[in-house]
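First the structure, in the form of C-alpha cells, and then the observations on it.
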C-alpha cells in the first residue's frame, strides 16, 4: 500500500512494523530509521531554522495570529506519488501538519486515499495508534509482535523497580525553555513508569507554560531538558545556556540531564519506550544499565 506519512512518529511505526517498503513519502522532519532518508519529502516548515527557543516561540505565535499553517504540504509531489494511504495527526499543530489540511488535499486526489488520524496522548493511546496504522496496512499480526515487545520492556522496568522497592525521585521534564513549558501528554507517564514522580506535568493533558517560581517551588531533584523537536546535541546546548542564566541558578546542586527529545520524548511512537528505559537508568542507576550516550547526557 503506497503510504505517505505526515508525522515522524507514524513513520517510525510503519518502519518498526517492518513495512518501510510501503512508505513513498514522509515529512521533512522524518529521520528515523535511516531507511527513510531515501523517501520523498512532502512537507516544508514555515519556522526559522534555529534552535533559539524564544525566536521559535515568537514565530509560532506570529503564524497563529495570522491564521497561517506552520507546515505546508507539497500537493503536486503528493499527487505524483499516487498514495493509497495518508497518515496524519490531530494532536498538535505546532508539531506536525494540520489534519484539516491533509483531509482537504486527500479530497482533491484521485483516487482519494484513505486517511488515518493518530492522536494518542498516553502510552496506551500510542499503542492504539500503532494498531490503527498496522490495521490500515493489513499488518495486525506484526502489531501484536511489536506491542508485545514494547509492553514487555515496560513491564521489565516496573518489575525491577518493584523488586528493589526503589525510591522515587522528584522529576521535572522541561519541554520548552522560553517560555518554560512542562511536558504533558505521555511525558509524566514516562517518568512514572521509569520510577520517578513528575512534580509539574499532568499525564494525558496538553503541555502547559509554567512560571519559574512554580517550577522552583515544585523542588525537583532531577531536571530533564528535552525541548520539543531537539536532538541530544541541541538539548544539551540549551541546558548549558540555561545554567548560565540568572533565572535558572536554582538548578545548582540538582541533577540536570539533556535528552534526545526527538528520539525519547517528543514523538508519540514506539520509541517513547526507549525514553522510559533511559529515564529508569537516570533515576535508578544501580538497577539498570548506564543510559546510552546517544540518548542522554549529564549536564550538571
TODO: Inspect segment 57-70 for any residue being more than 24 Å from residue 129 (Cβ to Cβ) and in contact with a helix residue (DSSP H, G or I) (Cβ under 8 Å, 6 or more places away or on another chain) and give the result as yes or no.
DONE: no
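Results for (1) at pLDDT 95 or above; (2) buried (at least 18 other Cβ atoms within 10 Å of the Cβ), shown as yes or no for each residue.
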residue: 91; (1), (2): no, yes
residue: 94; (1), (2): no, no
residue: 100; (1), (2): no, no
residue: 109; (1), (2): yes, no
residue: 126; (1), (2): yes, yes
residue: 152; (1), (2): yes, no
residue: 177; (1), (2): yes, yes
- [ ] Collect the residues in segment 73-88 that are free of Cβ contacts under 8 Å to residues at least 40 places away in the same chain and not in a helix (DSSP H, G or I), keeping them in residue-number order.
- [x] 74
TODO: Would you confirm whether any residue within segment 201-210 is crowded, with 21+ Cβ neighbours inside 10 Å and touching a helix residue (DSSP H, G or I) at 6+ places or on another chain (Cβ under 6 Å)?
DONE: yes
Open item on the list: With the requirement that a residue be within 21 Å of residue 119 (Cβ to Cβ) and either in contact (Cβ under 8 Å) with a residue 60 or more places away in the chain or part of a strand (DSSP E or B) (or both), what does segment 185-204 give you?
Closed with: 185, 186, 187, 189, 190, 193, 203, 204
TODO: Taking only segment 49-66 into account, find how many residues are over 16 Å from residue 181 (Cα atoms) and at pLDDT 70 or above.
DONE: 4
TODO: Sort out which residues of segment 11-34 are under 20 Å from residue 145 (Cβ atoms) and either out of contact with any helix residue (DSSP H, G or I) (no Cβ under 7 Å at 6 or more places or on another chain) or free of Cβ contacts under 8 Å to residues at least 12 places away in the same chain (or both), and write them in order of number.
DONE: 12, 19, 21
TODO: Quick one: which residue in 172, 132 is assigned to a strand (DSSP E or B) and in contact with a strand residue (DSSP E or B) (Cβ under 9 Å, 6 or more places away or on another chain)?
DONE: 172
Open item on the list: Looking only at residues that are farther than 24 Å from residue 60 by Cα and either in contact with a helix residue (DSSP H, G or I) (Cβ under 7 Å, 6 or more places away or on another chain) or in the same structural domain as residue 52 (by TED's automatic domain parsing) (or both) in segment 223-247, which one is surrounded by the most Cβ atoms within 10 Å (Cβ to Cβ)?
Closed with: 223
Open item on the list: Tell me whether segment 156-163 contains one or more residues that are more than 24 Å from residue 60 (Cβ to Cβ), in contact (Cβ under 8 Å) with a residue 24 or more places away in the chain, surrounded by fewer than 19 Cβ atoms within 10 Å (Cβ to Cβ) and not assigned by TED's automatic domain parsing to the domain that holds residue 282.
Closed with: yes
TODO: Please work out which residue is modelled with the lowest pLDDT, limiting yourself to segment 203-262 and to residues that are out of contact with any strand residue (DSSP E or B) (no Cβ under 7 Å at 6 or more places or on another chain) and at positive phi.
DONE: 204
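The values are calculated or read from the model by the stated rules, or taken from the named source; none is laboratory data. Only a predicted model underlies this, so the values are computations on that prediction, with no experimental measurement involved. Cβ atoms come from the backbone with ideal geometry, glycine included; neighbour counts cover every protein chain shown.
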